[in-house]
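Quick notes on the structure that follows.
The values are calculated or read from the model by the stated rules, or taken from the named source; none is laboratory data. Source: prediction; values computed, not measured. Glycine gets a Cβ as well: all are built from the backbone with ideal geometry, and neighbour counts include every protein chain shown.
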Amino acid sequence: MPKKMKIFTGNANPAIAKEICEYLNVPLGAAEVKQFSDGEISVEIGENVRGADVFVVQPTCTPVNDNLMELLIMVDALRRASARRITAVMPYYGYARQDRKVRPRVPITAKAVAEMLMVVGTRRVLCMDLHAGQIQGFFNIPVDHLYAAPIILKYIRESFTDVVMVSPDAGGVERTRAFAKRLNAGLAIIDKRRERANECEAVHVIGDVAGKTAILLDDIVDTAGTLCGGAEILKKVGAKEVHACCSHAVLSGPAIERISQSCLRSLLVTNSIPLREEARQCEKITVLSVGALLGEAISRIHNEDSVSYLFV
């Protein structure tokens with residue numbers, strides 16, 4: 001007898017869960033997720049999931065702690081309701097930036113989150129554009145790591161010409177080189193020095209950007225200091241125009257104000273994280289949907305087909 005597919009979601013990003021359900025032509029599972037007056041999270045699954053193949057769509061974005069606890073408690077509820085397999089679908093994996101000890105007496109939160117997910121009963125993880133691919137090794141269960149690259153590359157090919165892909169720092173060179181190779185475009189790197197958390201100083205550009213359309217590529221845009229500072233440097237060294245793209249639009253603090261006032265012509269993001277109202281009203285921000293990509297991955301996992309087909 002084939003397994004039933006069930007899809008549930010919390011309060012983090014119900015819009016992307018609905019897109020996935022529309023792509024798969026399955027109804028969104030009934031679940032009530034609420035908080036008690038003291039802030040404790042309560043979850044009640046409203047339908048039978050015994051023996052089902054369950055997918056919980058929940059990016060752990062802002063408010064990170066609430067959304068993470070919703071995910072953990074929902075997985076626990078589904079396990080106790082006798083779901084056959086529970087897959088955590090995390091378009092955005094919160095706490096991923098603390099993936100190693102950079103100085104004494106600091107945590108590795110990406111590992112701590114992985115441990116919590118496994119302990120409550122998660123049996124598979126589907127995520128997208130992890131901050132560091134090695135985070136997959138923090139799990140002792142299967143991890144399917146998707147990339148938004150196919151969607152972003154398609155948009156760049158259709159929208160820009162004479163492109164040079166730019167990495168905003170040394171850590172993003174591998175990702176940017178892969179984009180440049182697939183676009184048959186040039187590659188440049190911004191050499192920067194980070195003075196303190198969420199602040200950086202771009203120093204100079206390695207590579208030729210003069211007279212070209214420079215596209216900054218990053219996985220996460222948080223306060224947008226890196227991108228906006230990099231855009232200024234690229235304009236100073238002769239780039240015709242500067243655009244940026246990223247997978248996860250955290251956009252916290254002064255990010256929208258910085259983007260609006262910067263020389264960036266546009267910022268391309270995915271809907272892995274729901275944009276707040278201020279970001280939705282920013283004319284420079286374009287949002288691409290990854291709902292179909294996640295939906296196809298879920299379908300392939302459920303049917304025991306290859307997921308590597310979805311990679312670039």
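What is the residue count in the range 135-147 for residues that are touching a residue at least 60 places away in the same chain (Cβ under 8 Å) and in contact with a Cys (Cβ under 9 Å, 6 or more places away or on another chain)?
Matching residues across the range 135-147 total 2.
When you check residue 305 against the structure, is it within 25 Å of residue 9 (Cβ to Cβ), part of a loop (DSSP other than H, G, I, E, B) and at pLDDT below 95, yes or no? Working first, answer last.
Numbers: within 25 Å of residue 9 (Cβ to Cβ): yes; part of a loop (DSSP other than H, G, I, E, B): yes; at pLDDT below 95: yes.
Criteria met by residue 305.
So, in the range 233-255, exactly how many residues are buried (at least 21 other Cβ atoms within 10 Å of the Cβ) and more than 18 Å from the chain's Cα centre (by Cα)?
5
State whether the residues of the range 30-41 include one that is assigned by the TED database to the domain that holds residue 89, touching a strand residue (DSSP E or B) at 6+ places or on another chain (Cβ under 7 Å) and closer than 17 Å to residue 300 by Cβ.
no
Report the residue count in the range 148-187 for those that are acidic (Asp, Glu) and touching a residue at least 60 places away in the same chain (Cβ under 8 Å).
The number of residues fulfilling the criteria is 1.
Restricting attention to the range 167-186, and to residues there that are in contact with a Gly (Cβ under 7 Å, 6 or more places away or on another chain) and buried (at least 19 other Cβ atoms within 10 Å of the Cβ), which single residue is modelled with the highest pLDDT?
180
List pairs: first in the range 280-294 and of a type in the set (A, V, I, L, M, F, W, C), second assigned to a loop (DSSP other than H, G, I, E, B), Cβ under 7 Å, 6+ apart or cross-chain?
Correct list of pairs: 287/271; 287/275; 290/91; 290/148; 290/271; 290/272; 294/91.
Take the range 24-72 and flag every residue that is touching a Phe, Trp or Tyr at 6+ places or on another chain (Cβ under 8 Å), of a type outside the set (A, V, I, L, M, F, W, C) and either in a strand (DSSP E or B) or modelled with pLDDT under 95 (or both).
Passing the criteria: only 42.
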